[in-house]
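Visitor: Let me begin by handing over the structure; questions about it come next.
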Amino acid sequence: MTASFPTLAALLAAAALALPARAQAPRGPETLSPYYGGVHLGLHSLGSWPATVDFGGVRTEGQAALKGSLHGGLLVGRRTENARFEVEWQRGLLPVRGVTLGPVSQGADVSGHYQALTVNALRTLPLAERWLGLVGVGIGRGQATLPQVSLSNGCPCFAGASRSATAYQARIGAEYLAQGRWRPQVSLSWLHLSGPQAAGKPAITYGSRGVVSLNAGAVMHF
């Protein structure tokens with residue numbers, strides 16, 4: 001994904017939330033509760049995480065080389081006529097396949113993870129018969145954790161690091177209005193996380209990153 005996706009997704013979400021409703025998509029049986037729960041599973045494509053290693057005043061730039069892996073989540077929410085409000089928990093794996101510090105590169109086979117709890121506001125937009133578009137944003141708390149990787153010379157340059165901070169999210173997706181209480185969804189999301197940190201000698205600070213994930217799932221009305 002290009003770096004412009006977060007900005008584009010946020011602008012689309014803001015515009016959609018501000019637009020008045022012009023048409024209504026079919027909702028199925030009106031006996032359905034406005035409350036729902038859901039689950040989704042997919043993949044993220046995060047390929048690296050830049051870092052700065054501080055040796056006590058001397059700083060060297062580096063990075064952890066990652067590979068895309070699983071991303072999943074659970075949510076509960078309430079729908080209104082043209083919007084949805086959700087609480088969502090999500091988590092993803094961060095497999096580390098190597099590290100680079102200055103001119104030195106080394107392989108690795110360890111794994112970290114990230115997770116976030118957000119409150120989301122989404123606008124629902126009719127797309128076609130029995131299809132509903134979902135566009136929105138979220139804010140909450142996120143945590144990213146990366147494991148320790150020592151270089152071959154014994155330097156614990158990449159210390160185990162973690163940080164919990166404010167997280168932001170933008171999402172676009174679509175839902176099929178199937179008969180019954182279960183409705184399948186697909187979505188593309190961008191989750192902004194603050195980088196992990198670890199104090200000590202050496203200390204390490206990872207930069208902030210945006211995690212793009214493609215997910216498939218379903219919601220069920222209670």
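The values are calculated or read from the model by the stated rules, or taken from the named source; none is laboratory data. Because the structure is a prediction, the values reported are computed rather than measured. Note that we place each Cβ from the backbone using ideal geometry, even for glycine, and neighbour counts take in every protein chain shown. Ligands, DNA and RNA are excluded from the accessible area calculation, which covers all protein heavy atoms including side chains. Shrake-Rupley method; radii C 1.70, N 1.55, O 1.52, S 1.80 Å.
Visitor: Could you tell me whether the chain comes out rounded, prolate or oblate from its Cα gyration tensor? Rule is a ≥ b ≥ c as square roots of the eigenvalues, rounded for a/c under 1.5, then prolate if a/b exceeds b/c, otherwise oblate.
Guide: In terms of gyration-tensor shape, prolate.
Visitor: Give me the percent relative contact order of the chain, please, defined on Cα pairs under 8 angstrom at least 6 residues apart.
Guide: Numbers: 640 pairs, mean separation 51.0, N = 222.
In percent, rounded to a whole number, it is 23.
Visitor: Would you work out the charge dipole size for segment 138-217 about its Cα centre, treating the Cβ of every Lys and Arg as +1 and the Cβ of every Asp and Glu as -1, and quote it to the nearest 20 debye?
Guide: With Lys and Arg at +1 and Asp and Glu at -1, about 140 debye.
Visitor: Something else: Percent of accessible area on segment 106-222 owned by carbon and sulfur, 1.4 Å probe?
Guide: It is 59 percent, rounded to a whole number.
Visitor: Would you mind working out the accessible area per residue for the chain, using a 1.4 Å probe, and quoting it in Å²?
Guide: About 48 Å² of surface per residue is accessible.
Visitor: Still on this structure, I have one more. What whole number of Å gives the distance from the Cα centroid of segment 191-222 to the Cα centroid of segment 71-117?
Guide: Value for the Cα centre distance between the two parts: 5 Å.
Visitor: What is the dipole size for the chain, taken about its Cα centre, with +1 at each Lys and Arg Cβ and -1 at each Asp and Glu Cβ, in debye to the nearest 20?
Guide: So the magnitude is around 220 debye.
Visitor: Mind checking the dipole of segment 72-165: about its Cα centre, +1 per Lys or Arg Cβ, -1 per Asp or Glu Cβ, Debye to the nearest 20?
Guide: 180
Visitor: Per the helix-only calculation at 222 nm, which mean residue ellipticity applies to the chain, given -39500 (n - 2.57) for every DSSP H run of n ≥ 4 and division by its residues, nearest 500 deg cm²/dmol?
Guide: -2000 deg cm²/dmol
Visitor: If you don't mind, there's one more thing I want to ask. Need one word for segment 81-129: rounded, prolate or oblate. Basis is the Cα gyration tensor (sqrt eigenvalues a ≥ b ≥ c); a/c below 1.5 gives rounded, then a/b vs b/c decides.
Guide: prolate
Visitor: Given Ala83, Ser162, Pro202, which one lies farthest toward the positive end of the charge dipole of the chain, if we put +1 on the Cβ of every Lys and Arg and -1 on the Cβ of every Asp and Glu?
Guide: Result: Ala83.
Visitor: Something else: Putting +1 on Lys and Arg Cβ atoms and -1 on Asp and Glu Cβ atoms, find which of Val99, Leu134, Pro34 reaches farthest to the positive end of the dipole of the chain.
Guide: It is Pro34.
Visitor: In a Gaussian network model over the chain where Cα atoms closer than 10 Å are linked, find which of Thr60, Thr145, Thr124 has the largest mean-square fluctuation.
Guide: Thr60
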